[in-house]
Amino acid sequence: MKRSLPLAALLVVTLLTACTPRPPVYQEQLLTFGTMVDVTLWNVDEVRGRQAVATLARDFEYMHDAWHAWHRGPLGRVNQLLPTGEFFSCPPSIVPLIRRSSELSEASGGLFNPAIGQLIRLWGFASDEAPKGPPPVPEAIRALLAQNPQMSDLQLDGIQLRSRNPAVRLDFGAFAKGYAIDRAIEQLRELGIDNAIVNAGGDLRAIGRHGERPWRIGIRHPRQPGMLASVDVEGDESVFTSGDYERYFDYDGKRYQHIIDPRSGYPAEGLSSVTVFAPRADVADAAATAITVAGPDSAAWLPVARALGVTGVMLVDTEGRVQMTPSLRERIYFDVEPRPDVRFSEPL
């Protein structure tokens, strides 16, 4: 027979439970990479949180300056020297980006291609100001396409770099943010922080948990204010979204977005947004671009997603139709009415 606790003992247990302090959550915002970066640390006090975020801020500032495609800096110097065809000493801050982005470009079948910086500049997207049109003349686009710049045109020997193709101009805009977030997560782990989320304008990587529950994040609606859906992120996962609403211009009733199809030389069409889930942020970032270029046909984008090793994909086409991989069936919570009809692709 069970014995009941005396009333006084029950009161003591209740009071102790009620008075147990909740683990602290530290949050801070940084302005870097042209967007707001939200850092949330679970079970980290203010002093430790400030120190950790200060470290991240210094790292982000260094990476932003070093990797910027059109401001003066190490990448700008690289782009000035590549057309010479001669070997030169590549800045150490650029070498790992070339190596990693070359791997991802090859895996994507060239749909993610950081070597098309000249095309991006031709369309007016290599600028702090959004372009207003008109589109480039077709002859200029065809001239660049004929030169076919690829990451495989680069020859890197230690820190000695040259390009066999003078048309190569590097722009890591579709990859650098993810690579930087991966570095930030590594830094937090080195500081002993195991539960955190680094969110750069809606693109993020989360590790651990938010106490007793997973991290829950929102996925922006590509055509309306607010969120299209939310998703629970747990363990170690990155979620990146590319959309035609980020940087674009409208001209003669047509929208031209910033993601350029390296095969046609024109902005990618058919998709309003692509959300990618992957263990690493650099993979998710590059894959979001490559899948946007591949387009809404699952026969085109599924092989790209599989080759890059992503774990989930959700697409919204320009008609508002939603397509996703079965791996996300139990994880996506739609926040809009009416709830969109969802078509599921083959498994990854």
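Quick notes on this structure:
- Counted by Cβ distance under 11 Å from Gly178, the other residues give a net charge of +1, where Lys and Arg count +1 and Asp and Glu count -1.
- Rounded tilt (10° steps) of 281-294 against the dominant C-alpha axis of the chain: 50
- Amide H contacts under 5 Å for Leu228, placed H, 5+ residues apart: Ile219, Arg220, His221
- Normalised contact order of the chain, rounded percent, pairs of Cα under 8 Å and 6 or more residues apart: 15
- Computed over segment 214-344, the P(r) curve from all C-alpha pair distances, binned at 5 Å from the origin, holds 2, 11, 21, 25, 21, 13, 5, 2, 0, 0 percent per bin.
- Projecting the Cα positions of Leu56, Trp70, Phe249 onto the charge dipole of the chain (unit charges on Cβ atoms of Lys, Arg, Asp and Glu, taken about the Cα centre) puts Leu56 furthest along the positive direction.
- Highest-fluctuation residue, Ser264, Ser163, Ser242 considered, GNM on the chain with Cα pairs under 10 Å: Ser264
- Every pair of different Cα atoms in segment 74-163 enters the Kirkwood calculation, which places the hydrodynamic radius at 14.3 Å.
- Taking a Cβ cut-off of under 10 Å around Val239, the surrounding Lys, Arg, Asp and Glu residues balance to a net charge of -1, with basic ones at +1 and acidic ones at -1.
- Between Phe172, Phe249, Phe112, the GNM of the chain built on Cα springs shorter than 10 angstrom shows Phe249 fluctuating the most.
- Working from Cα pairs under 8 Å separated by at least six residues, relative contact order for segment 74-163 is 41 percent.
- Sequence of Val25, Val274, Val239 once ranked by neighbouring C-beta atoms within 10 Å, starting from the fewest: Val25, Val239, Val274
- Cα-based radius of gyration of segment 15-140 once divided by 2.2 N^0.38 Å, which approximates compact folds: 1.53
- Under 14 Å, Cβ to Cβ, from Thr32 - net charge with Lys/Arg +1 and Asp/Glu -1: -3
- When the chain is treated as a GNM with alpha-carbon contacts under 10 Å, the residue of Ala126, Ala143, Ala196 showing the greatest mean-square fluctuation is Ala143.
- Nearest-ten-degree value, helix 46-67 long axis tilted from longest Cα axis of the chain: 10
Any read-out appearing in this document is the output of simple, stated calculations on the displayed coordinates, not a laboratory observation. The shown structure was predicted, so the numbers you read here are calculated from the model rather than taken from an experiment. Positions of Cβ are backbone-derived with ideal geometry, glycine not excepted, and every protein chain shown enters the neighbour counts.
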